[in-house]
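Student: Structure below; questions to follow.
The values are calculated or read from the model by the stated rules, or taken from the named source; none is laboratory data. Predicted model only: the values in this text are computed from it and were never measured. Cβ atoms come from the backbone with ideal geometry, glycine included; neighbour counts cover every protein chain shown. Only protein heavy atoms, including side chains, enter the accessible area calculation; ligands, DNA and RNA are left aside. Shrake-Rupley method; radii C 1.70, N 1.55, O 1.52, S 1.80 Å.
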Amino acid sequence: MNKKKVVLAYSGGLDTTFCAVYLSREKNLEVHAVTVDTGGFKKEEIDTIEKRALALGCATYTCINAVDDFYSQCIRYLIFGNILKNNTYPLSVSAERIFQALAIARYARKIKADAVAHGSTGAGNDQVRFDMAFNILIPNAEIITPIRELKLSRQQEIEFLKKNGVEMNFEKAAYSINKGIWGTSVGGKETLTSSGSLPEEAFPSQLKKKTPENITLVFSKGELSGINENKYKNPAEAIMQLNKIAASYAIGRDIHVGDTIIGIKGRVGFEAAAPMMIIKAHHTLEKHTLTKWQLYWKDQLSTWYGNWLHEGQFLDPVMRNIEKFLEDTQQFVSGKVFLTMVPYGFKVNGIESPHDLMSAKFGSYGEMNNSWTGEDVKGFAKIFGNQISIYNSVNGISNE
């Protein structure tokens, strides 16, 4: 009898290693391990992951490169919207999980798999993101979630793997690390409480430079197209290069506290050097090149877009509507943004753009103007406050 065919979303970490062993050895399933690379793996890492997957009992291993799709269909809109969840988190894992789930679903459909599996627990957001994508794209496939179903702790997973003769760095496995082009999340025992802070060694990049360094980011219609004197045709390539440059300063570290999809509060550490620098630089450029009402409506829709994406609703058609609006606002968001990198941080110094609305030929704020007279202002101020004056008069309101 042929074994049931299951596609496993496989990263090579503790959770998915457990799933590979459990599904192949305990459940006797034909496991097809798939890694979806959203910018977090080097070739040698993928080679190591493939060898491990096959050694664990997986029938096949496949790596799908989803970086370009992830950028063109998602990251660019996170930049256009200056999206930071709770003004803190650039949706690093939130966004990439959607594209990993989509790629897994398409692969499962391609090989006519009976089931799909993932290593999510029953207490986080990822289980919802994966399950929703699978239910929508491959509704007839069974969804298998060993860790959620067995209600396992990380320590129980480690004990199971040791019992089955699996060797790996279990000390490192104490932290759940998810690395991608748009940032790396770090979860550990310290993030399970409200007071803990992740240790230095838990973060993927360590401080190597202490001398401040200036850097110029170049934007073309809202997209990162250059770093200093280097130009890039592919913005995803520019983002990865910026991550390498900023990693030496250990930039972009923080802990995000937020509301999970399932209604509980959660904390996660992250390191996202390029995303934080790009978003802050892009937002500064927009403040110079967009009108106040463009900025206002972008804020409203971007916040909603980020929340809906975070909750796994990327496939909702309203998201495509908002993306069209965000893209349309970027027509004149081009220019240079000047930053200075320092240990564990950076500052935005200023911008240079042919579309800068802060032009001296129209006037200098707080000093002089070239486009109106004092009499113009007197008349404008009277008319601008006219309705409030009428309201106060009719209702007998005194502001004394």
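Student: Filter segment 36-48 down to the residues that are without any contact (Cβ under 8 Å) to a residue 40 or more places away in the chain, more than 26 Å from Lys162 (Cα to Cα) and either open to solvent by 50 Å² or more (accessible area, probe 1.4 Å) or in a loop (DSSP other than H, G, I, E, B) (or both) and list them by number.
Tutor: Listed by number, the residues that qualify are Lys42, Lys43.
Student: Look through Lys280, Lys189, Lys209, Lys221 and report the one residue that is at pLDDT below 95 and either among the basic types (Lys, Arg) or in contact with a Leu (Cβ under 9 Å, 6 or more places away or on another chain) (or both).
Tutor: After applying the criteria, what remains is Lys189.
Student: Just to be sure before I move on: is Ile279 buried (at least 18 other Cβ atoms within 10 Å of the Cβ) and either of a type in the set (D, E, K, R) or out of contact with any strand residue (DSSP E or B) (no Cβ under 8 Å at 6 or more places or on another chain) (or both) in the structure I sent?
Tutor: When the stated conditions are applied, Ile279 passes them.
Student: OK, next. Yes or no: segment 167-188 includes at least one residue that is open to solvent by 40 Å² or more (accessible area, probe 1.4 Å), in a loop (DSSP other than H, G, I, E, B) and in contact with a helix residue (DSSP H, G or I) (Cβ under 8 Å, 6 or more places away or on another chain).
Tutor: Among the residues of segment 167-188, at least one is open to solvent by 40 Å² or more (accessible area, probe 1.4 Å), in a loop (DSSP other than H, G, I, E, B) and in contact with a helix residue (DSSP H, G or I) (Cβ under 8 Å, 6 or more places away or on another chain), which makes the answer yes.
Student: Follow-up question, since we're still on this one. Considering only segment 226-244, state which residues are within 19 Å of the chain's Cα centre (by Cα) and under 14 Å from Ile215 (Cα atoms).
Tutor: Those that are within 19 Å of the chain's Cα centre (by Cα) and under 14 Å from Ile215 (Cα atoms): Ala238, Ile239, Gln241, Leu242, Asn243, Lys244.
Student: Checking the condition out of contact with any Lys or Arg (no Cβ under 8 Å at 6 or more places or on another chain) and either small (Gly, Ala, Ser) or at negative phi (or both), which residue from Lys221, Lys151, Lys244 passes?
Tutor: Just a single option satisfies the conditions, and that option is Lys244.
Student: Looking at segment 282-296, which of the residues that are of a type outside the set (Lys, Arg), without any contact (Cβ under 8 Å) to a residue 12 or more places away in the chain and open to solvent by 40 Å² or more (accessible area, probe 1.4 Å) is nearest to Ile79 (Cα to Cα)?
Tutor: Ranking the candidates gives Tyr296 first.
Student: For Ser389, indicate whether it is open to solvent by less than 100 Å² (accessible area, probe 1.4 Å), touching a strand residue (DSSP E or B) at 6+ places or on another chain (Cβ under 8 Å), among the small types (Gly, Ala, Ser) and free of Cβ contacts under 8 Å to residues at least 40 places away in the same chain.
Tutor: no
Student: Go through the residues of segment 366-381 one by one and say whether even a single one is touching a Pro at 6+ places or on another chain (Cβ under 6 Å), at pLDDT 90 or above and open to solvent by less than 100 Å² (accessible area, probe 1.4 Å).
Tutor: No: segment 366-381 contains no residue that is touching a Pro at 6+ places or on another chain (Cβ under 6 Å), at pLDDT 90 or above and open to solvent by less than 100 Å² (accessible area, probe 1.4 Å).
Student: Here is a further query. Which number in (1) out of contact with any His (no Cβ under 7 Å at 6 or more places or on another chain); (2) within 20 Å of Val348 (Cα to Cα); (3) of a type outside the set (Gly, Ala, Ser) marks the one condition that Phe219 misses?
Tutor: With (1) out of contact with any His (no Cβ under 7 Å at 6 or more places or on another chain); (2) within 20 Å of Val348 (Cα to Cα); (3) of a type outside the set (Gly, Ala, Ser) applied to Phe219, the lone miss is (1).
Table: residues versus (1) charged (D, E, K, R); (2) in contact with a His (Cβ under 8 Å, 6 or more places away or on another chain); (3) within 24 Å of Gly40 (Cβ to Cβ); (4) modelled with pLDDT under 95.
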residue	(1), (2), (3), (4)
Ile98	no, no, yes, yes
Leu102	no, no, yes, no
Ala105	no, no, yes, no
Lys112	yes, no, no, no
Leu137	no, no, yes, no
Asn140	no, no, no, no
Ser153	no, no, no, yes
Phe160	no, no, no, no
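Student: Could you run through segment 300-311 and say how many residues are touching a residue at least 12 places away in the same chain (Cβ under 8 Å) and either open to solvent by 50 Å² or more (accessible area, probe 1.4 Å) or in contact with a Ser or Thr (Cβ under 8 Å, 6 or more places away or on another chain) (or both)?
Tutor: Here the count works out to 7.
Student: Residues in segment 189-205 that are open to solvent by 40 Å² or more (accessible area, probe 1.4 Å) and assigned to a loop (DSSP other than H, G, I, E, B): how many?
Tutor: Result for segment 189-205: 5.
Student: Hey, another quick one. Residue by residue through segment 1-35, note down the ones that are open to solvent by 10 Å² or more (accessible area, probe 1.4 Å) and in a strand (DSSP E or B).
Tutor: Scanning segment 1-35 gives Lys5, Ala9, Glu30, His32.
Student: Condition test on Asp114, is it open to solvent by 40 Å² or more (accessible area, probe 1.4 Å), at negative phi and either in contact (Cβ under 8 Å) with a residue 40 or more places away in the chain or hydroxyl-bearing (Ser, Thr, Tyr) (or both)?
Tutor: Yes: the conditions hold for Asp114.
Student: Would you call Val93 closer than 30 Å to Lys163 by Cα, surrounded by 19 or more Cβ atoms within 10 Å (Cβ to Cβ), in contact with a strand residue (DSSP E or B) (Cβ under 6 Å, 6 or more places away or on another chain) and not charged (D, E, K, R)?
Tutor: Considered against the rule, which asks whether it is closer than 30 Å to Lys163 by Cα, surrounded by 19 or more Cβ atoms within 10 Å (Cβ to Cβ), in contact with a strand residue (DSSP E or B) (Cβ under 6 Å, 6 or more places away or on another chain) and not charged (D, E, K, R), Val93 comes out as no.
Student: Inside segment 125-144, can you point out the residues that are buried (at least 19 other Cβ atoms within 10 Å of the Cβ) and of a type outside the set (Phe, Trp, Tyr)?
Tutor: Asn125, Asp126, Gln127, Arg129, Ala133, Ile138, Ala141, Ile144
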